[in-house]
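The values are calculated or read from the model by the stated rules, or taken from the named source; none is laboratory data. The structure presented is a predicted model; accordingly, all values stated were derived computationally and were not measured. Don't worry about glycine lacking a Cβ; one is built from the backbone with ideal geometry, like all the others, and counts go over all protein chains shown.
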2 protein chains.
Amino acid sequence: MTNVKQLVSDGIKKITPYVPGKPLEELEREYGIAGAIKMASNENPLGPSPKAVKAIENHLSTIHRYPDANSNALKEMLSKKLGVSQESIIPANGSNEIIEFSLKAFLRPGYEVIIPEPTFSLYTKFTQAMDGIPVKVPLKKFSVDLKSVREKIGPKTRIIFINNPNNPTGTIIKKNEFEDFLHSIPESIVIILDEAYGEFVTDPDFPRGDCYLNGPRWIITMRTFSKVYGLAGLRIGYGLASRELTHYLNKIRQPFNVNSLAQAAACAALDDDQHLKKTLRIVAEGLNYLYQNLDQLKLEYIPTQANYLMVKVGDNCDKVYELMLREGVIVRPLSSFGFSEYIRVSVGNQQENERFIASLKKVLQYSN
Amino acid sequence: MTNVKQLVSDGIKKITPYVPGKPLEELEREYGIAGAIKMASNENPLGPSPKAVKAIENHLSTIHRYPDANSNALKEMLSKKLGVSQESIIPANGSNEIIEFSLKAFLRPGYEVIIPEPTFSLYTKFTQAMDGIPVKVPLKKFSVDLKSVREKIGPKTRIIFINNPNNPTGTIIKKNEFEDFLHSIPESIVIILDEAYGEFVTDPDFPRGDCYLNGPRWIITMRTFSKVYGLAGLRIGYGLASRELTHYLNKIRQPFNVNSLAQAAACAALDDDQHLKKTLRIVAEGLNYLYQNLDQLKLEYIPTQANYLMVKVGDNCDKVYELMLREGVIVRPLSSFGFSEYIRVSVGNQQENERFIASLKKVLQYSN
């Protein structure tokens, strides 16, 4: 048989596998410990909305039926909540799937995709999978540098990724800056605006994607139920875009991309204001606690608009990560992002935040 | 802004939307009826395995956590059950996702994909989405005609789809025929073998994909938990292929493509032999009942190896479909497949099968 390597493209060969946050069970098994905590994947520290859990229970008897291919109930709720038409909403198997729809629709081999880096690694991987050319633009002071992004635009540029707030830095692009940028770029470019953490942003000067559905440029906004809504395990997110765009994105979507329990749970979670507010309060209080304690420890961090925080631990973040694992605390070392002095920690509940601070304190004494 | 139509490829423009089987709630709302039954999507007439439902309940408290990115527990179980290595298994958000992985890995714009037709419509749609060229080969006596498939192979052929049993005809390719075909095609071609209904096959001369992991040609086999395992709503299936192939397919896979409840439920369903056997028995008995009653009505049908059946209702299948809807019975009219004289009915439970026969009898008297 022909060698498989000859059958796949160079782009695919270049892809390095995604490394997910270590699962709790794996850590506990490997290290022989119990009661470990995970602060590595920016999940909701409160757990799922009880209304969402109830909604799943109510749908268990029909899981042998295919899901609603159009997620109509969810689109109806989102439409009302966001004040956008149902035609502008495209449900996805986690918001990451919106990356794939967008690249499939607008990218062809040899064309360029601009990616401000370091950022979420899947933008590059999916560009490579389509044989597109990722054009990386370094962050400036930990923030997306739109001036440099603009300078990289060329005749082959098709797509620009903007992660706002940016993962892992937690910084945001502000409204004026974003709007000036939109007006300054060619009309043929499609922006993929990843707002996975948008609900956590407290800065009023934050440009939300649903305000730009009608221009001045083509924008596909990514939203998720994995973070503030606490449904990461179910895989559900959505895209927001003008009808002209969703017309084509829907052609590419698998008809049953979103499972029926996720649809039911997402509707219930949208209806659970109490859980949303409590989550935002816990994260805000947790961040304050972390800021204060890191200040006391004289550790630098990047002030964040999201539910995670970059903390400077010295030039040995992988070692700190390993030592934290032994304490039963999973964080994310940022060496693979090019920040070898930093870890990223998800804001947890009060108990988790206290344990993180105590463990970090202990570990930094060990490792320095 | 540039017209979106100019930004997408011709292949994407050609895609016609997938039409799913009508949902029960929609029918009941539209026609103002209650107690309708759906025999249109080849779902499990018994419902989900009770063990699968229990497994979901046990996982509800952790749905705010990301799923296991590698579906390790499921791969371990499948590996033991099928006697293949875990590295040969690639879990998917419904087996349809395996189509996408395979096309992304091996298809580039302008290359050809051979599709025996009529068959499952998504093979063509996803080929078009990648700007590949679908090369259609007509069935012969309702069966995949491998001789004609071979004749269509050219220098641009990359992939051949084989749906075994074929949907909607229910016919199979036999072992010898399949093996001769494999030996006769170029070594650079990848076969995508869709076995969504493979578990229902009673003919012992059926070539199962897991027997060809090591050749004589590259084969990616698609399997699903949506049919015999009764988990269509959860979206879970898997691919089987040699390690050389899964190495690349895994690079293209979203890390969290399969939700955590689906993983838990699939493991439990695999462990529920009683439910599997009962399902196979109900389907076999149901088919016998349908055959006998269609014979009595002097209606032609295509003997099937799957859990659905093509029934000849005259040259007005859309009208028959509409009249059946009024009786509260959803079937699939096959005009869009090019079989304008046929409907496809999923084998239901005894009550559903009786209602189908009674309604069909009534409706055919009306419409003829």
Restricting attention to the range B:43-56, does a residue exist that is touching a Gly at 6+ places or on another chain (Cβ under 8 Å), under 25 Å from B:F337 (Cβ atoms) and modelled with pLDDT under 95? no
Across the range B:291-343, what is the total count of residues that are in a helix (DSSP H, G or I), of a type in the set (A, V, I, L, M) and surrounded by 22 or more Cβ atoms within 10 Å (Cβ to Cβ)? 2
Of (1) more than 30 Å from B:S346 (Cα to Cα); (2) within 24 Å of the chain's Cα centre (by Cα); (3) free of Cβ contacts under 8 Å to residues at least 24 places away in the same chain, A:R29 satisfies every one except (2)
Do the conditions hold for A:L27, that is, is it at pLDDT 95 or above, within 30 Å of A:T124 (Cβ to Cβ) and more than 11 Å from every other protein chain (Cβ to nearest Cβ)? no
All but one of (1) assigned to a strand (DSSP E or B); (2) touching a Gly at 6+ places or on another chain (Cβ under 8 Å); (3) surrounded by 23 or more Cβ atoms within 10 Å (Cβ to Cβ) hold for B:R158; state the number of the condition that does not hold. (3)
Residue check: is A:L122 aliphatic (A, V, I, L, M), crowded, with 16+ Cβ neighbours inside 10 Å and within 14 Å of chain B (Cβ to nearest Cβ)? yes
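Yes/no per residue for (1) assigned by TED's automatic domain parsing to the domain that holds B:G94; (2) under 17 Å from the mean Cα position of the chain (by Cα); (3) among the polar types (S, T, N, Q):
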site: B:F206; (1), (2), (3): yes, yes, no
site: B:T221; (1), (2), (3): yes, yes, yes
site: B:Y238; (1), (2), (3): yes, yes, no
site: B:L249; (1), (2), (3): yes, no, no
site: B:A264; (1), (2), (3): yes, no, no
Taking the stated definitions as given, is B:P91 crowded, with 22+ Cβ neighbours inside 10 Å and either at the interface with chain A (Cβ under 10 Å from one of its Cβ atoms) or among the aromatic types (F, W, Y) (or both)? no
Looking only at residues that are loosely packed, with under 15 Cβ neighbours inside 10 Å and without any contact (Cβ under 8 Å) to a residue 40 or more places away in the chain in the range A:180-211, which one is farthest from the other protein chains (Cβ to nearest Cβ)? A:P204
Please state which one of B:L74, B:L78, B:L46 is in contact (Cβ under 8 Å) with a residue 12 or more places away in the chain, over 14 Å from B:T246 (Cβ atoms), more than 11 Å from chain A (Cβ to nearest Cβ) and of a type in the set (A, V, I, L, M, F, W, C). B:L74
A:V363 passes all but one of the listed conditions (1) at pLDDT below 95; (2) touching a Gly at 6+ places or on another chain (Cβ under 8 Å); the exception is number (2)
Among A:N288, A:N176, the single one that is surrounded by fewer than 24 Cβ atoms within 10 Å (Cβ to Cβ) and within 18 Å of A:A306 (Cα to Cα) is A:N288
Whichever residue in the range A:1-23 is at the interface with chain B (Cβ under 8 Å from one of its Cβ atoms) and touching a residue at least 60 places away in the same chain (Cβ under 8 Å) and, among such residues, is farthest from A:S335 (Cα to Cα): A:S9
Filter result (crowded, with 19+ Cβ neighbours inside 10 Å and either in contact with a strand residue (DSSP E or B) (Cβ under 8 Å, 6 or more places away or on another chain) or part of a loop (DSSP other than H, G, I, E, B) (or both)) within the range B:356-368: B:F356, B:S359, B:L360
Residue pairs qualifying under the 9 Å Cβ cut-off, at least six apart or on distinct chains, with the first in the range A:112-127 being under 17 Å from A:R150 (Cβ atoms) and the second being among the basic types (K, R) and part of a strand (DSSP E or B), are A:E112/A:R158; A:V113/A:R158; A:I114/A:K136; A:I115/A:K136; A:P116/A:K136; A:E117/A:K136
